[in-house]
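The values are calculated or read from the model by the stated rules, or taken from the named source; none is laboratory data. Worth saying up front: this structure is predicted, and the values here are computed from it rather than measured. Here the Cβ positions follow ideal geometry from the backbone for every residue, glycine too, while neighbour counts run over all protein chains shown.
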């Protein structure tokens, strides 16, 4: 009897290209964009420039009509830390429709994630539900007048005031959400100590990045004042002044002397998503330019038929897509626990923010004078796109990080 032919295994299903989004994630991004356009954009327009928009924050924290958690709950999921890719998709989707909503959500995350990563159970219980609901406004207070890109040079002093007590003296500057935030994650320099809380004795060294401690400081502490700064930014930025502000061991986030590690852990998570914010703006600018070039008549035909315009659009689209893929790759590396996350994060922020600046500039050039009129989408994006090349590590700092990682390898 002839043998039955062996059954061949079924061919594997076709795999999507690397870093392509599955249909479920794409639908979710579309839903976020629709919600931002319908609900968040009007709230953003009603808010005053340079002020915390609390109605907007409340809408970001409110559950959906179907009972689904609010958008801030996606940043602070009950199951644990947020996925870096989820954070990127959320920021990119919001940025395409409402940059004010994107920034409000991102600042909540930046200010409160040190609490997620290093806070005590009491600190988490007290503040995270309020942040997630949009009722408490958070700030990330790292930068100082003489310590910007060189964050390790900070001078805010935590002077001992008895066992487990300090007084903060100094100034923080260019702090988003200051001075209106309800609490701030504050990074201050503590003197060398021999303390059981310090896991690594080098952390007590007061030189450079060592000897920095993170504190959770509520806004109502005596001696804490501040003022807003008038900046090229629609969201609030200001100073915080500390005149002997009392803090205790209960306010410490993580280990005494381990604050710089806490800051870097937060920045490594958020840097790729700064790139996602930039890509959202770049895509919005590109969409506007493509639409305008298809409708605007000049020199006997639509602008899109001019080779110079067509090639600009093609180049911009290619660069935006490349930057998007690098942002997704960096987020995936973070979520996978890759050892070289700092390099991925720096590359993503560098390429995405520089690409976004070029994309918005190209879109303005294609539109002409109308794009510079107050209230135009591109006029708004032109103002918004500049800052991400500076904050959370300027472009030059990202290049230095990348070069350092190359030599480390």
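Here is how the numbers come out for the structure above:
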| read-out | value |
| --- | --- |
| Where residue 31 falls short, out of the listed (1) surrounded by fewer than 16 Cβ atoms within 10 Å (Cβ to Cβ); (2) not in a helix (DSSP H, G or I) | (2) |
| Condition met for residue 34 (at pLDDT 95 or above and within 28 Å of residue 175 (Cβ to Cβ)) | no |
| Residues within region 284-317 that are under 19 Å from residue 355 (Cα atoms) and in a strand (DSSP E or B), tallied | 0 |
| Flag for residue 378 being buried (at least 22 other Cβ atoms within 10 Å of the Cβ) and assigned to a helix (DSSP H, G or I) | yes |
| Lone qualifier among 305, 361, 291 - being at pLDDT below 95 and not assigned by TED's automatic domain parsing to the domain that holds residue 90 | 305 |
| Condition check for residue 247: outside any helix (DSSP H, G or I), surrounded by 23 or more Cβ atoms within 10 Å (Cβ to Cβ) and touching a residue at least 40 places away in the same chain (Cβ under 8 Å) | yes |
| Matching residues in region 303-332 - criterion: being free of Cβ contacts under 8 Å to residues at least 24 places away in the same chain and crowded, with 16+ Cβ neighbours inside 10 Å | 304 |
| Residue among 216, 232, 142 that is at pLDDT below 90 and touching a helix residue (DSSP H, G or I) at 6+ places or on another chain (Cβ under 8 Å) | 232 |
| Some residue of region 290-302 being touching a helix residue (DSSP H, G or I) at 6+ places or on another chain (Cβ under 7 Å), crowded, with 21+ Cβ neighbours inside 10 Å and over 24 Å from residue 110 (Cα atoms) | yes |
| Test: residue in region 181-192 that is modelled with pLDDT of 95 or more, assigned to a loop (DSSP other than H, G, I, E, B), touching a strand residue (DSSP E or B) at 6+ places or on another chain (Cβ under 8 Å) and not assigned by TED's automatic domain parsing to the domain that holds residue 62 | yes |
